[in-house]
Structure formats: structure tokens, C-alpha cells
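Bear in mind that the values in this text are calculations on the coordinates, not laboratory data. Please read all numbers here as calculations on a predicted model, not as lab measurements. Note that we place each Cβ from the backbone using ideal geometry, even for glycine, and neighbour counts take in every protein chain shown.
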Amino acid sequence: MPEDLEYLNAAIEEARAAELGGEVPIGCVVVSSTGEIVGRGQNRVLRDQDPTAHAEIVALREAGRTLANYRLSGCTLYVTLEPCAMCAGAILHARIARLVYAAPDPKAGACGSVLSVMNHPQLNHRVDVVSGQLAAECGEILRSFFKARR
């Protein structure tokens, strides 16, 4: 979908802001069924001293407050890196309809790379998962970040 690129670019903006804040550059946005960004997130684990403050969790929390509902039915979550097990679980519990992630995470991805939490056959919620758009760009943002840290 053409709008996927627009929203992934918004997630990339969040990732770049995270990097400026000294965090691993991962960004996320949650978009309502009407096309409005209702939640924005970037990694905040260091700044907030919170191991759960991944970009997806931050964005889901904001979206829940914006929509005054913990169920985010009909929403799409866009993130620059494949969600981990914690974030995949939160996406499922929020009842996100669609997940679009850019780069796979070969070390902790829970949407097929390492684990298959998303759409596990024994779970009762299904998410339409799309991956790979802007993967090279998002992967390079992460590689550059870690290269500079070494």
C-alpha cells in the first residue's frame, strides 16, 4: 500500500529521534482505521530506566490513551524493526489489525525470524503482517548506530 511508506517514514523519524536521545534507533507509529497517527513511540529504555519502554510499547500506550481504549481494533502498527516477543504479545493483546515492519531482527524477532509469537496457531487473534518495505534503510540505521558504538 502506498500509504505504508508514509507511515514507515514517520516511524523512521521516531527512530532517528531515539538515536539523538542516546537510544537504539527503533521507531514506531500506530495508525487508526481513518489514517490518523494516534500513537508515536521510540525506544526509551535508557531514558526512562524501563526495560519495557520499547518503541512499540510506547506507541501502543499513547494510542490507547488517544483512543481511550486498550483495544486498538482496526489500527495498524508500523515499526522499523521486527517486534520482539514482548512487543509481539502486546500487539496481539491490543488487537492490532495489521503490523508493518521494515527490517527483520535475526537475534530477537518474534514474527518469524527467531520466534513465531505473531499468529501462533493456538492464539485467538490474527494480525495481517507485512514486512520488508524500507528494510535496507532501517537496517542501515541500526548498523550505523552499532558501528559507531564499537
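Our coupling estimate for region 116-132, obtained by passing each phi through the Karplus curve with A = 6.51, B = -1.76, C = 1.60 and θ = phi - 60°, is 10, 6, 5, 6, 4, x, 8, 8, 9, 10, 10, 10, 6, 10, 10, 9, x Hz, Gly and Pro reported as x. About the centre of its Cα atoms, the chain shows a dipole size close to 400 debye [charges on the beta carbon of Lys, Arg (+1) and Asp, Glu (-1) only; nearest 20 debye]. FRET efficiency for the Asp48 to Gln122 pair, using the beta carbon distance and R₀ = 41 Å, is estimated at 0.80. A Förster distance of 25 Å, applied to the separation of the beta-carbon atoms of Ala108 and Thr34, puts the FRET efficiency at 0.15.
Across Leu81, Leu60, Leu123, mean-square fluctuation computed from a Gaussian network of the chain (C-alpha pairs under 10 Å connected) peaks at Leu123. Backbone amide hydrogens, once placed in the peptide plane, bring Val38 within less than 5 Å of Val30, Val31, Ser32, excluding anything fewer than 5 places away on its chain. Helices in the chain, meaning DSSP H runs of at least 4 residues, each add -39500 (n - 2.57). Divided by all residues, the mean residue ellipticity at 222 nm is -12500 deg cm²/dmol. Taking every DSSP bridge with both residues inside the chain, close to 55 percent are antiparallel.
The Kirkwood hydrodynamic radius of the chain, based on inverse pair distances between different Cα atoms, is 14.9 Å.
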